Amino acid sequence: MAEYGLLGRKLSHSISPEIHTLLCGYDYRLIEKEPEELDSFFSQKDFKGINVTIPYKKNVIKYCSELSDTAQKIGSVNTIVRRKDGTLYGDNTDYFGFSYMVKKSGIKIKNKTALVLGTGGASLTVNAVLEDMGAEKILSVSRNGKINYKNVYDFAPIDVIINTTPVGMYPNNGERLLDLQRFKDLSGVLDLIYNPSLTPIVYDAKNLGIPYCSGLSMLVAQAWLSAQSFISRELDESEIERVINILEKKRKNIVLIGMPGSGKSTVSEMLGKFLSREVVDTDKLIEEYDGRKIPEIFAQSGEKYFRDIESKITAQVGKRSGIIISTGGGAVLREENRYALKQNGVVLWLKRDTNELERSGRPLSANAEALKIMEEVRNPIYRSMADCEIEVDSDPEKTYQKIPENIL
């Protein structure tokens, strides 16, 4: 018997068990069921409380003897509690979760025009919250709807965009639905996706200086409210931020960028050792992928060939969570690589005097004059990406000690 858990169809990437463990410490499991298995599952009622995710938030309503006012209003259930008499009570804590997310973001909804991407179950909750928060107009976008992704720009001005679709979600990182630059009056972007931390729409909002919020806060907030129903006692609301902070720090990659020979490999190994995290070196992965050393790749196949492999490798490692990533000096040159590294990562720029850079075995660093030109091109990119700049010391230990505690 799984006393508590999450019911859905495909759940392998869910972090809900981790969230509930951090909140209450009880056993919380993933319950994967096909549609034809639901009748049997609910006839047994072999649980105390469960959460429900896509695609079953509507399907489960018929199994509930009673619904909360919120669940009735939205027409969607994500929390079910088995009462003492054996009957099932359905609630919707996503409403609270999205409300919390909006408030955390500081994005104003009242009297604003909101554009909701998607018309699935999650959009029902979002629409209800926006309505109750006083949105002046709510426009829904779908691929084949009256408002779609081709004509959506005709409906500007738009104040706030909310993504309720799975576009951009792991493992299909990098997919985009909209060009935010075409919405000149945009004052906020909200994305219900939490993996990756920065979906393309959120990444674009950040780069454009538009307030934004990703979906982790909603996920934790709704779990906090669900957990109280499960254990029949109140939890302090400060628990939400405590759990969010733990998850963000644990799931963030630490990404090292900087000129060739600046010490990224050495510092990343130290980080891996002291933090007990896996270290991934993109240059080593490129050599493993191609079967040749990097100088050979450049000499025999050229820089473009190398950069193409580098982009492929960077896309793969950037999707991961909780690792140390040491990059090649030129990995930042392509925009797709910059996104791949930033989507789940906090970026450290290791800065080192050009005259002190290690140059042996580095195809593009052999000539001192070329190295200076390279630095002039790359430094602005490093600076724009960096969450923290670290001046490299000749003693790697001292360099490590300069990394802020909030990153470690």
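Working ranking of peptides 61-67, 144-150 by packing, defined as the average number of other Cβ atoms within 10 Å per residue, highest first, is 61-67, 144-150. Assuming a ≥ b ≥ c are the square roots of the Cα gyration tensor eigenvalues, decide whether the range 1-85 counts as rounded (a/c under 1.5), prolate (otherwise, with a/b larger than b/c) or oblate. Rounded is the answer for the range 1-85, as its axis ratio a/c remains below 1.5. Working note: 222 nm ellipticity from helices only, DSSP H runs with n ≥ 4, each -39,500 (n - 2.57), summed and divided by the residues of the chain, gives -12000 deg cm²/dmol to the nearest 500.
Among beta bridges from DSSP that stay inside the chain, the antiparallel ones total about 15%. This model, with +1 at the C-beta of Lys and Arg and -1 at the C-beta of Asp and Glu, gives the range 249-313 a dipole about its Cα centre of some 540 debye. For residue 194, the residues 5 or more places off, or on other chains, whose built amide H falls under 5 Å of its own are 215. Farthest towards the positive end of the charge dipole of the chain, among the residues 183, 167, 228, is the Cα of 183, using unit charges on the Cβ of Lys, Arg, Asp and Glu. Neighbour counts of C-beta atoms inside 10 Å place 388, 213 in the sequence 388, 213, starting with the fewest. To the nearest ten degrees, helix 121-132 and the longest principal axis of the Cα atoms of the chain are 80 degrees apart. Annotation for residue 175 and residue 300: the two label points, set 7 Å from Cα along the Cα-Cβ direction, are 3.7 nm apart.
Rank by packing, highest mean first: peptides 236-246, 396-406, 50-60, with packing defined as the count of other Cβ atoms within 10 Å averaged across residues.
Numbers: 236-246: 14.5, 396-406: 12.9, 50-60: 20.1.
Per-residue mean Cβ counts within 10 Å order the peptides as 50-60, 236-246, 396-406.
The relative contact order of the chain comes to 12 percent, based on Cα pairs under 8 Å that sit 6 or more residues apart.
Projecting the Cα atoms of 325, 350, 374 onto the charge dipole of the range 252-401 (Cβ charges, centred on the Cα centre) puts 325 farthest toward the positive pole. Across the range 322-333, coupling constants 3J(HN,Hα) worked out from phi with the 6.51/-1.76/1.60 Karplus curve, θ = phi - 60°, read x, 10, 9, 10, 9, 9, x, x, x, 4, 7, 5 Hz, and Gly and Pro carry x. For the range 264-398, the Cβ-based charge dipole about the Cα centre amounts to some 380 debye (Lys, Arg positive; Asp, Glu negative; other atoms uncharged).
Rounded to whole numbers, the Karplus 3J(HN,Hα) couplings from phi for the range 218-235 are 5, 4, 6, 5, 5, 5, 4, 5, 4, 4, 5, 5, 5, 9, 6, 8, 7, 10 Hz, using 6.51 cos²θ - 1.76 cosθ + 1.60 with θ = phi - 60°, and x at Gly and Pro.
Where both residues lie in the range 1-141, what percent of DSSP beta bridges are antiparallel, nearest 5? Don't skip to the answer; put the middle values down first.
Working: 7 of 23 bridges.
So the antiparallel bridges amount to about 30 percent of the total.
Relative intensity of the range 117-167 on a log10 scale, I(q)/I(0) at q = 0.20, 0.26, 0.29 Å⁻¹, equals -0.70, -1.13, -1.29, per a Debye sum over C-alpha point scatterers of equal strength in the absence of solvent.
Per residue, the convex hull spanned by the Cα atoms of the range 252-401 amounts to 102 cubic angstrom.
The calculated FRET efficiency for residue 373 paired with residue 406, based on their beta-carbon distance and R0 = 35 Å, is about 0.50. Stokes-Einstein, applied to the Kirkwood radius of the range 107-198 over Cα pairs at a viscosity of 1.002 mPa s and 20 °C, places its translational diffusion at 160 µm² s⁻¹.
Taking one quarter of the surface of the convex hull spanned by the alpha-carbon atoms of the chain gives a direction-averaged projected area of 22.7 nm².
Rounded to the nearest 0.05, what FRET efficiency do residue 242 and residue 275 give with R0 = 30 Å and r taken as the Cβ-Cβ distance? Could you check? Could the numbers behind the result be given before it?
On the way: r = 20 Å, r/R0 = 0.68.
Computed FRET efficiency for residue 242 and residue 275 comes out at 0.90.
Computed from backbone phi with θ = phi - 60° and the Karplus coefficients 6.51, -1.76 and 1.60, the 3J(HN,Hα) list for the range 269-280 is 5, 5, 4, x, 5, 6, 9, 6, 10, 5, 10, 10 Hz; x is used for glycine and proline.
FYI, it's all coordinate maths here, none of it is from the lab. Source: prediction; values computed, not measured. Cβ: placed from backbone, ideal geometry, glycine included. Neighbour counts: every protein chain shown.
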